[in-house]
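Only one structure is covered here, and it is reproduced in the block below.
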Amino acid sequence: MLGQYAGIAVLYAASVALALLALTIPVEWLGWLGVLPILIGLKLLLLREDREAPAVRGASAVALVTVANGADNLAVYVPLFAASGPDALAAYGATFAVMTGLWCLVARRLVGHPAAQLPLRRWGPRLVPWLLVALGAWIVASAL
């Protein structure tokens, strides 16, 4: 859990910093940053690889994997954060902290449950690209 928290903290900080840079972009263009999660989702759909993920051990290894796999997080968080005020950014940070803990606890329970292992491995990678495309479309549509 510590590694997951560290990785999410790095992604959150990077997203806030990039969102601040995005403030130099005209507001009417910010929604077009939603194209990034759409492109990532489409790439995942086109290049879908059903391979096993390597085992990761230790907090620093988990943090590094979380950050390395965080391009989709940045693509979603940056346009969202750029369109948000300081209070919303603080609320997002608190929500990420609480939800990271909850997701880690739920994941631990699910992964250990024999009936859940196969469906999670089968459907999880198939749903993520579609969720990214939908989220990106929502960001673009909200700017129009």
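Three principal axis extents describe the C-alpha atoms of the range 2-143; from largest down they are 50, 33, 21 Å.
Among 78-84, 115-121, 64-70, sorting by the average number of other beta carbon atoms lying within 10 angstrom of each residue, highest first, gives 78-84, 64-70, 115-121. Between Leu21 and Leu118, the simple spin-label model (points 7 angstrom out along Cα→Cβ) gives 4.6 nm.
Rounded to the nearest 500, the 222 nm mean residue ellipticity of the chain from helices alone is -27000 deg cm²/dmol, with -39,500 (n - 2.57) taken per DSSP H run of at least 4 residues.
Reducing the range 114-144 and the range 69-101 to their Cα centroids gives an inter-centroid distance of 17 Å.
If I stretch the segment between Leu110 and Val65 completely, what's the gain in nm (0.36 nm per residue apart, minus their alpha carbon distance), one decimal? Could the numbers behind the result be given before it?
Working: separation 45, 0.36 × 45 = 16.20 nm, distance 2.03 nm.
Extending this stretch completely gives an extra 14.2 nm.
We did not get these values from a lab; they are worked out from the coordinates using the rules stated. Bear in mind the structure is a predicted one, so any value in this text is a computation, not a measurement. Counting neighbours? That spans all protein chains shown, and the Cβs are built from the backbone with ideal geometry, glycine included.
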